[in-house]
1. Given the options Leu25, Leu161, Leu83, state which has the largest fluctuation in a GNM of the chain using a 10 Å cut-off (strictly under) for Cα springs.
2. Please list, in order along the range 65-80, the HN-Hα scalar couplings obtained from phi with the Karplus expression 6.51 cos²θ - 1.76 cosθ + 1.60 (θ = phi - 60°), rounded to whole Hz, x for Gly and Pro.
3. Which listed residue (Thr21, His178, Leu83) has the Cα farthest towards the positive end of the charge dipole for the chain, taking +1 on Lys and Arg C-beta and -1 on Asp and Glu C-beta about the Cα centre?
4. Charges only on Cβ, +1 for Lys and Arg, -1 for Asp and Glu: so what's the dipole of the chain about the Cα centre, in debye to the nearest 20?
5. Going by amide H atoms built from the backbone, whose H comes under 5 Å of the H on Arg107, apart from near neighbours?
6. Quick one: what are the phi-derived ³J(HN,Hα) couplings along the range 227-244, Karplus 6.51/-1.76/1.60 with θ = phi - 60°, whole Hz, x for glycine and proline?
7. Would you compute, from DSSP H runs of 4+ residues alone, the mean residue ellipticity of the chain at 222 nm, taking -39500 (n - 2.57) per run and dividing by the full residue count, rounded to the nearest 500?
8. Taking 2.2 N^0.38 Å as the expected size of a compact globular protein, what ratio does the Cα radius of gyration of the range 57-101 give against it, to two decimals?
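Values quoted throughout were computed directly from the atomic coordinates according to the rules given, and no laboratory measurement underlies them. Note that the coordinates shown come from a computational prediction; the quantities given were computed from them, not determined experimentally. Here the Cβ positions follow ideal geometry from the backbone for every residue, glycine too, while neighbour counts run over all protein chains shown.
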Amino acid sequence: MSRDVSEAEPDPSAYPVEPSTLDSLLDAPEPRADAGVHLGLWRIEVARFGDDELELGSGWLDDAERGQASSYVRAELQRAYVLAHAAARLLVGATTDTPPEKVVWGRHPCPACGEPHGRPRAEGASVEFSLSHTPGQVLVAVADVPVGVDVERHPDDPLALSRLLHPRETEEIDAAAHGRLDGGKATVRFTRAWSRTEAYLKGIGIGLGRDPHLDYLGTDEAPARTIDGWSVRDVVVPEGYGAAVAVRG
Ligand SMILES: CC(C)(COP(=O)(O)OP(=O)(O)OC[C@H]1O[C@@H](n2cnc3c(N)ncnc32)[C@H](O)[C@@H]1OP(=O)(O)O)[C@@H](O)C(=O)NCCC(=O)NCCS
């Protein structure tokens, strides 16, 4: 991808996004046939879902998704994957009144190489969507414009991982770790910058095919920012996690 390095403009007066919670796969949201959603964002607390719902959700997946689900060795990763895909099928299907198991899952072309490994897409649906799963938490975003979402657990070693980020973000995390900067511990600052960057790159559709050290999204508390025509906002998630959503326009 031949875009230059970008720097986000923070908007300190904006609020972080409070997601809706999806507490059951049986609670299908109302169908929205005209798809007039600017942004719908749902959070799933994995621990609230029992084996019955997991089985129901697994039954909606296609062969490729089932194969991917069974490749996870750790049960907590597999549960989060199944719930993320089942919830995305439910929420995206609701926009066209399609049952979750009938949603035809695909991928947009990657903007870097044209191969079909960009943002996920659902055949016949006019909405865009994005999903993110990590042990314990899932986020699904549905929008009428390209969207990317990310949720991350706080890492054990933010200093080592911070080297992957933009050099100014690395510096900010290092300064926080050594008491030279207020406004959030190093762990929180790392998770903010990482989730903002990943949400943005998933929105573009390139994912980590674009080096996360190229774009500066910042580690500060400002809950919203714009970068290269995208609005990137922090998402309210439980203690121990960080999350962001990026919407084009
Ligand atoms: C997308 C990516 C950032 C996900 O990272 P992660 O933190 O492990 O996972 P998350 O749970 O937050 O997101 C996973 C979801 O992102 C979506 N996704 C995958 N690739 C994506 C892309 N290029 N753009 C947008 N979304 C993407 C998928 O829906 C995926 O869900 P699935 O694995 O259950 O199917 C990472 O897998 C990636 O960047 N992969 C592509 C890297 C690459 O080199 N591409 C080649 C470019 S030519």
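1. Result: Leu161 has the largest fluctuation of those listed.
2. Whole-Hz 3J(HN,Hα) from phi for the range 65-80: 5, 5, x, 5, 4, 6, 7, 6, 7, 7, 4, 5, 6, 5, 4, 5.
3. Farthest along the dipole direction, towards plus: His178.
4. Magnitude of the dipole: close to 360 debye.
5. Under 5 Å from the amide H of Arg107 lie the amide H atoms of Arg121, each far enough along the sequence or on another chain.
6. Ordered by residue, 3J(HN,Hα) equals 8, 6, x, 10, 9, 10, 10, 5, 10, 6, 9, x, 3, x, 10, x, 7, 8 Hz.
7. After summing the helix terms and dividing by the residues of the chain, the value is -9000 deg cm²/dmol.
8. Cα Rg divided by the expected 2.2 N^0.38 Å: 1.16.
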